[in-house]
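Data first, discussion second: the structure below is written as structure tokens.
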Amino acid sequence: MSRTHRFVGAALAWWVVAAGANFAQALKAKNVLGSKVSLKGGQAIGTVEDMIFSDDGTLDYLVVRYEGKYVFVPWQAAKFDFEKHVATLEVPQEKWREVPTFTQETWPNVY
């Protein structure tokens, strides 16, 4: 490896750390799994049990355990506070009650 490549690599590593020390932490699955999920207004509804990725590696859905069943929540719909391990959904309670649920035995095919 040339001196230039080592310098560029070191500069990039420094930039990642300096630009956002929490950046690496925010991207860890363990900071999402087990997180509490609540509706707008603070009503707790469940926890993040799993995550669904597309074929190209994009995080598409959170699998939320809710009253003994599961719900798919689009990743884009969750506003995360990674430090508190809490996801908030901008969904009114009335609409949340209408969300389709499934069990481990009736797991739907997402794609």
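The values are calculated or read from the model by the stated rules, or taken from the named source; none is laboratory data. Predicted model, so just to flag it, every value in this text is computed and none were measured. All Cβ positions, even for glycine, are placed from backbone atoms using ideal geometry, and neighbour counts span all protein chains on display.
The set of residues from the stretch 19-50 being surrounded by 15 or more Cβ atoms within 10 Å (Cβ to Cβ) and at pLDDT below 90 comprises just one member, Asn31. Looking at the stretch 50-69, can you tell me whether even one residue there is among the small types (Gly, Ala, Ser) and either closer than 18 Å to Glu90 by Cβ or within 11 Å of the chain's Cα centre (by Cα) (or both)? Within the stretch 50-69 (the criterion being among the small types (Gly, Ala, Ser) and either closer than 18 Å to Glu90 by Cβ or within 11 Å of the chain's Cα centre (by Cα) (or both)), the answer is no, since none of the residues qualifies.
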